[in-house]
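Please read the structure below before turning to the comments.
The values are calculated or read from the model by the stated rules, or taken from the named source; none is laboratory data. Note that the structure is a prediction, hence the values are computed from the model and not measured. Note that each Cβ is placed from the backbone with ideal geometry, even for glycine, and that neighbours are counted across all protein chains shown. Note: accessible area is taken over every heavy atom of the protein model, side chains too, but ligands, DNA and RNA are not part of it. Shrake-Rupley method; radii C 1.70, N 1.55, O 1.52, S 1.80 Å.
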Amino acid sequence: MSHEASAAGRVALVTGGASGIGRATAVRFAAAGARVVIADLQEDLGNAVVAEILAAGGEAAFVRADLTREEDTDGMVDFCVTQYGALNWAFNAAGITGTPAPFHETSLETWRRLIDVDLTSVFLSMRAELRHMVHNGGGAIVNASSIAGLSPTPNLASYNAAKHGVLGLTKSGAKEYSGRVRVNAVLPGATDTPMIRKYMDDNPAIQGEMRAEPGTGHFADPDDIAAAVVWLCSDESRHVSGVSMAVDGGLLLH
Ligand SMILES: NC(=O)c1ccc[n+]([C@@H]2O[C@H](COP(=O)([O-])OP(=O)(O)OC[C@H]3O[C@@H](n4cnc5c(N)ncnc54)[C@H](O)[C@@H]3O)[C@@H](O)[C@H]2O)c1
């Protein structure tokens, strides 16, 4: 079965779809024939992605959501149902990196913010998505973790913990809803998005180190991650659930 055949008529939700990896995935979902809902804080950028998809002949809509608020995560799923009558696939991509600091200098405020945006948001998003999917013929969920979810990045203890936690939520969902909803995680390596560019601009000391990383020797394109996410949602991966799929050019092996 081709991607076109398996995506046609499906409704795909992308959190954090206004930028970077989420944006690339929204565009790819639409190109494969899915109707796409983008949920994000950034209204202008989100609407620009919708306009791009519509201009290419696809279907998409934007809903503003702060994913740390349960009324917003519940609201984005309601929006999918109102707008397109269903929710089949979800990619939970929204996240932030935070400001790097040694573990012993990390403030409680930084910790709480990171856990809220990068972990609680995934819990709330998954909960809302599962509530719909379990009563409406199942579905597929993909969560954005990171290679930092397996191998920690120095000076990002809160981010590392949140991304490890995302794998815990992924496996919990995959086990509990086995046979009904597939839940997988994608673990990008360094990927060329506004997030990583800002992180490198704010922290010039790590730039040389990141560019010199082993592996493919270059940053992933957001579309490299999007391709994996679309496959993990499609029927072609129908027997795949609970996996932590690194898309990092082999970086984790070094
Ligand atoms: N870029 C990388 O190198 C890299 C590597 C590993 C993992 N990741 C993960 O991939 C995901 C996407 O990252 P990206 O690089 O595309 O980042 P990005 O900054 O380009 O996009 C993230 C999007 O999330 C949205 N967002 C943030 N907080 C939100 C909130 N509370 N409510 C709603 N929307 C919110 C932002 O507005 C933004 O549009 C993140 O979870 C990130 O941790 C990225």
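Structural remarks
- Counting protein heavy atoms only, the chain has 52 percent of its accessible area on carbon and sulfur, 1.4 angstrom probe.
- The amide H of VAL247, built 1.01 Å from its N in the peptide plane, has LEU187, GLY189 as neighbours under 5 Å, considering only residues 5 or more places off or on other chains.
- Structure-based [θ]222 nm, the chain - -39500 (n - 2.57) summed over DSSP H runs of at least 4, per residue, nearest 500: -13500 deg cm²/dmol
- Point-charge dipole on Cβ atoms (K/R +1, D/E -1) for the stretch 3-248, about Cα centre, debye to 20: 660
- Cut-off under 5 Å, modelled amide H: who pairs with VAL36 long-range: ALA12, GLU59, ALA60, ALA61
- Positive-end ranking of THR191, ALA31, SER6 along the dipole of the chain, with charges on Cβ about the Cα centre, is headed by SER6.
- Residue by residue, the stretch 22-33 carries 3J(HN,Hα) couplings of x, 4, 4, 6, 4, 5, 5, 4, 5, 5, 7, x Hz when phi is fed to the Karplus relation 6.51 cos²θ - 1.76 cosθ + 1.60 (θ = phi - 60°); x denotes Gly or Pro.
- Residue-normalised accessible area of the stretch 11-134, expressed per residue, 1.4 Å probe, Å²: 43
- Simple label model, 7 Å out from Cα along Cβ direction - ARG127 to ARG69, nm: 1.6
- Phi-derived couplings, Karplus 6.51 cos²θ - 1.76 cosθ + 1.60 at θ = phi - 60°, listed residue by residue for the stretch 169-177: 5, 4, 5, 4, x, 4, 6, 5, 10 Hz, with x used for Gly and Pro.
- Debye intensity ratio in log₁₀ form over the Cα atoms of the stretch 60-133, taken at each q of 0.13, 0.17, 0.21, 0.27 Å⁻¹: -0.44, -0.66, -0.88, -1.26
- The alpha carbon centroids of the stretch 1-54 and the stretch 61-116 are separated by 16 Å.
- Top positive-direction residue, dipole computed over the stretch 78-149 with Cβ charges, set VAL117, GLY138, ILE96: GLY138
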